[in-house]
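The values are calculated or read from the model by the stated rules, or taken from the named source; none is laboratory data. Everything numeric here is computed off the predicted structure, so don't read it as measured data. With ideal geometry, Cβ positions are generated from the backbone for all residues, glycine too; neighbour counts draw on all protein chains shown.
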Amino acid sequence: MQMENNWKVMKEENGKQHNGQNMLKEPGQFPAQDIPNDDEQLTMRDLTVGYDRIPLIKNINLGVRPGEILTLIGPNGSGKSTILKTITKQLKTIGGSVFLGKESMRELTDSEISRHLSMVMTERIHTELLSGRDVVATGRYPYTGRLGILSQQDWKKVDEAIALVHAGEVQQQDFRRISDGQRQRLMLARAICQDTQVLILDEPTSYLDMGFKLDILTTIRMLARKKNLAVIMSLHELDLAQKISDTIACVKGDRIDRVGTPEEIFSGNYVQQLYGVKPQQFEPQTGQVFMERPEGIPEVFVIGGGGTGLAVYNRLQRQNIPFAAGILQENDVEYAAASALAACVFSEKAFFPVSEETFLRAKQMLDDCDACICALTEFGPYNEKNRQLYEYAKKLGKVCAEI
């Protein structure tokens, strides 16, 4: 069943919606209207953002619906945070409009906005003698009276939010004395208990270790799906953006350069061009990033496959030793790494047996190399040629355990 298109691109005629077709959009393909789409929780129309009235990014036309996650990606300094600060009114709009539902944010008071939109930004907040729980509780202030007194129901929402981000162990500690990662979790809890329809997150995984990154993003995904939250965030971790996002908007130069599903954005060499890296240094399907390959004629031949050669490739790269790799199927899990790091890769098309021609070329390369490392521990019908290559290397006396 074809994956449902989660993003609806703005069209000019009568507010009609694009659905079920290729949604990839490039510069000049973002038509604008003066009113938001009916089903979008937050809409940007011809928005221009920047500092001191100097435009940084122009003509932004994006929107996010309930239950969806829109992620901004792009190089450092491209303006992702500037966009988020503008739609949260921390920066003045230079041009265009931002709508919450059908209401222009210009017409809404700060109190009204805070009941519809919550945010977690990268800037640290400064507190005096507040516990983590006290900081989270400030998310309920939009619903209190002038005295800011929380009801029993308010405190229940505070405690539920703290439990949701697994921050119970630090909730009674001085907010100033806990780690950056713990602060980040509590700030997300603060936004959650604010109980809004739109959640804005600027690099929500900053300062978090791998376990808590996954935990926090799982929570964000759950909030979008179960509570029908519209989420807009920026992320630097491309592999995570690829996994969590319904839609990705790419910020480049003075514009939103491309908008599409993760599958559309992470295809071909577009992401490498966006970040200015060589095509072989990023594997778009898995989000893997590779260092520069060692230069020179291969000194070592690595016989691998099925992921067994990955550690060897990385070790040789760290030691700046050029190497050859093979024989791999082109759908092998380590093929991308071999293509990025090896000076020469011997391979066959996916699901095809290794040809005699490929085998002979690999043998010739092995003749020219000083050593051979066989990462494989098992052989079978599908890697029989690698077994023969290993036996040939042993006959030449070139097999070694490590370099």
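Taken over the range 322-363, the residue count meeting the criterion of being of a type in the set (A, V, I, L, M) and either without any contact (Cβ under 8 Å) to a residue 24 or more places away in the chain or farther than 17 Å from Ala393 by Cβ (or both) is 10.
Going through (1) surrounded by 14 or more Cβ atoms within 10 Å (Cβ to Cβ); (2) of a type in the set (A, V, I, L, M); (3) touching a Leu at 6+ places or on another chain (Cβ under 8 Å) one by one, Met291 falls short only on (1). Mind checking whether some residue in the range 394-402 is outside the structural domain of Phe323 (by TED's automatic domain parsing) and within 39 Å of the chain's Cα centre (by Cα)? For the range 394-402, residues outside the structural domain of Phe323 (by TED's automatic domain parsing) and within 39 Å of the chain's Cα centre (by Cα): present. For the range 169-215, a residue qualifies if it is in a loop (DSSP other than H, G, I, E, B), of a type in the set (A, V, I, L, M) and either over 24 Å from the mean Cα position of the chain (by Cα) or closer than 22 Å to Ala230 by Cα (or both), and exactly one does: Ile178. Regarding Asp180, is this residue surrounded by fewer than 18 Cβ atoms within 10 Å (Cβ to Cβ), outside the structural domain of Thr71 (by TED's automatic domain parsing) and under 17 Å from Arg124 (Cα atoms)? Here the answer is yes, as Asp180 does meet what is asked.
Rundown of residues vs (1) polar (S, T, N, Q); (2) on the phi < 0 side of the Ramachandran plot, yes/no style:
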{"site": "Thr127", "(1), (2)": "yes, yes"}
{"site": "Tyr143", "(1), (2)": "no, yes"}
{"site": "Gln182", "(1), (2)": "yes, yes"}
{"site": "Asp195", "(1), (2)": "no, no"}
{"site": "Thr205", "(1), (2)": "yes, yes"}
{"site": "Ser234", "(1), (2)": "yes, yes"}
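With respect to the conditions (1) among the small types (Gly, Ala, Ser); (2) out of contact with any strand residue (DSSP E or B) (no Cβ under 7 Å at 6 or more places or on another chain); (3) buried (at least 21 other Cβ atoms within 10 Å of the Cβ), Ser118 falls short on a single one, namely (2). Within the range 331-370, the only residue that satisfies the criterion of being polar (S, T, N, Q), under 30 Å from the mean Cα position of the chain (by Cα) and crowded, with 18+ Cβ neighbours inside 10 Å is Ser339.
Of all the residues in the range 243-300, those that are within 30 Å of Pro322 (Cβ to Cβ) and β-branched (Val, Ile, Thr) number 6. Give the residues of the range 244-266 that are of a type outside the set (Val, Ile, Thr) and over 25 Å from Thr218 (Cα atoms), sorted by residue number. Listed by number, the residues that qualify are Lys252, Gly253, Asp254, Arg255, Asp257, Arg258.
Where helices (runs of 4 or more DSSP H) sit wholly within the range 97-168, those with at least 1 residues that are touching a residue at least 40 places away in the same chain (Cβ under 8 Å) and under 25 Å from Ser81 (Cα atoms) occupy 110-114, 132-137.
Which members of the range 69-78 meet the condition of being of a type outside the set (Ser, Thr, Tyr) and within 12 Å of Ala249 (Cα to Cα)?
Of the residues in the range 69-78, the ones of a type outside the set (Ser, Thr, Tyr) are 69-70, 72-77.
Matches in the range 69-78: Ile69, Leu70, Leu72, Ile73, Gly74.
The lone criterion from (1) surrounded by 13 or more Cβ atoms within 10 Å (Cβ to Cβ); (2) over 30 Å from Asn59 (Cα atoms); (3) modelled with pLDDT under 90 left unmet by Leu147 is number (1).
With respect to the conditions (1) closer than 15 Å to Glu334 by Cα; (2) touching a strand residue (DSSP E or B) at 6+ places or on another chain (Cβ under 7 Å); (3) aliphatic (A, V, I, L, M), Leu310 falls short on a single one, namely (2). Taking Ile321, is it on the phi < 0 side of the Ramachandran plot, β-branched (Val, Ile, Thr), surrounded by 18 or more Cβ atoms within 10 Å (Cβ to Cβ) and in contact with a strand residue (DSSP E or B) (Cβ under 7 Å, 6 or more places away or on another chain)? Considered against the rule, which asks whether it is on the phi < 0 side of the Ramachandran plot, β-branched (Val, Ile, Thr), surrounded by 18 or more Cβ atoms within 10 Å (Cβ to Cβ) and in contact with a strand residue (DSSP E or B) (Cβ under 7 Å, 6 or more places away or on another chain), Ile321 comes out as no.
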